[in-house]
Amino acid sequence: MTTSSLRPAAHEAGNTAASKVKYWNDVYQEPSVYGTRPSLTLIRVVRCLRVLQPPLHTFLDLGCGYGKDLFFAASALPRFRSFLGIDFSSKALRTALSFARRRQGAHNTVRFICANLQRGLPVEPQAPLVLFSHFFLQTLTFNDRGILAALLRERIPSGSLLFLGEYSRSHPLFLSSETTGESGTVSLRRDGYEHSVHFFSKSEILAYAQRLGASVLYTDEFRERETIRGARIVSSLHFGILSFGLAENLQSTAAVLSGRM
Ligand SMILES: C[S@@+](CC[C@H](N)C(=O)[O-])C[C@H]1O[C@@H](n2cnc3c(N)ncnc32)[C@H](O)[C@@H]1O
């Protein structure tokens, strides 16, 4: 396998669903490719949920990878009834299951489903959800993000919250590359496979909330140190809390969060 190189332009049109799954299964040949520590986004989410205390049911991680954030959430938020990770990479989920076997007990509430989210949520949630997306939406093309927004808009129960942590355009990878094609998108080439990564602007986060039919409770931009393929890098991310018809009192509590993150 060759190392990824950053190139301008995203041409994913020829990529089929199967080739996308293959790309991600290849990435996860290295089991802890994104390190083993939880993301700073997840740590912020835990902090927020402790303050907001919304009705707690299911914590759902969209594009969960091998579950490093989900396992941490399960330990830190014991009041949730269940933790569900969805990803279409069977390779990542096999790693997640082997982690789960080693961490018996605290993680009994963690489940994983192998499914392509572009075909909709593989569960029918009745009660409000906490949805979590870290470095996931931005791995989808503009069209795929649109399809996902339409699918989620229909299925997410009222009272749900979506926490986003997606790379921003202040990210060093974005700043060091030229982009063409979809604004904010760069391409990573790996073994001849063209994979695009989209870097969000704040206004796009707000526009995406609108597409989802959600209101924005909070946004900011922050930096974090993370590990990608063994290399320590400083990332820059947009953090957003989106609400799907959340109660007024929680909206005002969320407003109080500004400045406390
Ligand atoms: C950059 S990784 C991030 C993984 C994890 N959230 C983390 O922060 O470690 C993006 C993940 O999205 C998953 N993914 C991409 N497109 C997907 C889709 N259409 N359905 C389900 N999972 C998808 C990939 O398999 C991969 O695990």
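Taking Lys22 as the anchor, which lysines have their alpha carbon closer than 27 Å to its alpha carbon, excluding any fewer than eight residues away along the same chain?
Straight-line reach from Lys22, under 27 Å: Lys68, Lys91.
So what is the relative contact order for the range 5-257, in percent, with contacts set as C-alpha pairs under 8 Å and at least six apart?
24 percent
Counting other C-beta atoms within 10 Å, and keeping those with at most 11, which DSSP coil trypsin sites (Lys or Arg not before Pro) do you find in the range 19-92?
Loop-located and lightly packed - Arg79, Arg81.
Given the Cα-Cα distance of Gln29 and Ser183 and 0.36 nm per residue of separation, how much length would full extension add, in nm?
52.4 nm
Every number here is computed from the coordinates shown, using simple stated rules; none is lab data. None of these values were measured; they are calculated from a predicted model. Using ideal geometry, Cβ is built from the backbone for each residue, glycine included, and neighbour counts are taken over all protein chains shown.
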